[in-house]
Amino acid sequence: MLFVTGVSGNIFILFVHFLEWLKTCKHNPCNLILNAIGISNICLQIANDIVEVSFYICLDAYNDDFVNNLVTALIASLSLSSLWCSTCLCLYYCVKIVNLNGPLFYKIKANIPVVVPWLLVFSVVLSWSVGMPALWDLYTGYSITALNITGNVTLEESIYPYESKCNCIFYLYVLVASLAFVIIFLAGGTIITSLCKHMTRMRQNNEGLGHSRIRTHLSAAKTVTALLILYLIFYGTFSFINNPVYVLDIETAIVCNIVISTFPTVNAIILIMRNIKLLNALKQVLGMKSSVSNTEVPVTTC
């Protein structure tokens, strides 16, 4: 179910933007970010489900050292890619919505169509540069424990399939994920703070709250808040899995894998429901009336 909803939801985002590009032949920075998130989520969903299926139908391959390392490297790279591309989306909202003083900010805002592709390239390169070294760094560790039961000494062998040669790979994962989450948190906080200040000024000037700028701020604040909650759960799960101090038991590992498998689906739902263009396209597919008269102005249409 998660595979179908996660893959189909993100493919829907890519398909709608592809049709729009065929009509306009213009490149939209926001669409580019959403497409990057969609592609990362699709690959992450497929990788997670391949791991789950191989556990049940091909246990020998699942337990192979090289396969374990490859799976860890791929899932870490794709998870970080999705998280960092989402960070680009929150930064895009912040730049488009918030007005800050300073020549550097104005220059970035004026050149946002050029800046966005480079931000995405940086995000993907950073994620894969951090994630893929696990393919060479990880190894299977063993420990022998002597047990004395009723005078008989037996040896118990424990296997730890995720030992790091440099003892830093998992700390690096958590550090890079933490940096992305801090940026998301700061961008979201900046948008919400700007919204509160703007609403206060409008109340002081006895203006109504139906102003298009307020609606844009509210839309961005709702989107970023929903994404922030989702990323907080995802970040916590990702950090927990990659905690080198704690060895996960089977039940905890299953729960963590389910949470990560749910992430692409929930992410796609939030992006579709908070984007009037994608929402109207979905309603057309479902045979529902489009919200052409919707008064809300989503920032994602900028």
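Odds and ends about this structure:
- The share of accessible area on segment 68-144 that comes from carbon and sulfur is 75 percent, using a 1.4 angstrom probe.
- Length added when fully stretched, LYS107-LEU19, from 0.36 nm per residue minus Cα-Cα: 28.6 nm
- Extension gain (nm, one decimal) between PHE240 and TYR171, 0.36 nm per residue minus Cα-Cα: 23.7 nm
- On the principal axes of its alpha carbon atoms, segment 58-140 extends 58, 19, 17 Å, with the longest extent given first.
- Shape class for segment 50-92, computed from the alpha carbon gyration tensor (a ≥ b ≥ c): prolate, with a/c not under 1.5 and a/b above b/c.
- For segment 1-49, projected area of the alpha-carbon convex hull averaged over all directions, nm²: 3.1 nm²
The values are calculated or read from the model by the stated rules, or taken from the named source; none is laboratory data. In this text the structure is predicted, and so the values were computed from the model without any measurement. All accessible areas refer to the heavy atoms of the entire protein, side chains included, with ligands and DNA or RNA removed. Shrake-Rupley method; radii C 1.70, N 1.55, O 1.52, S 1.80 Å.
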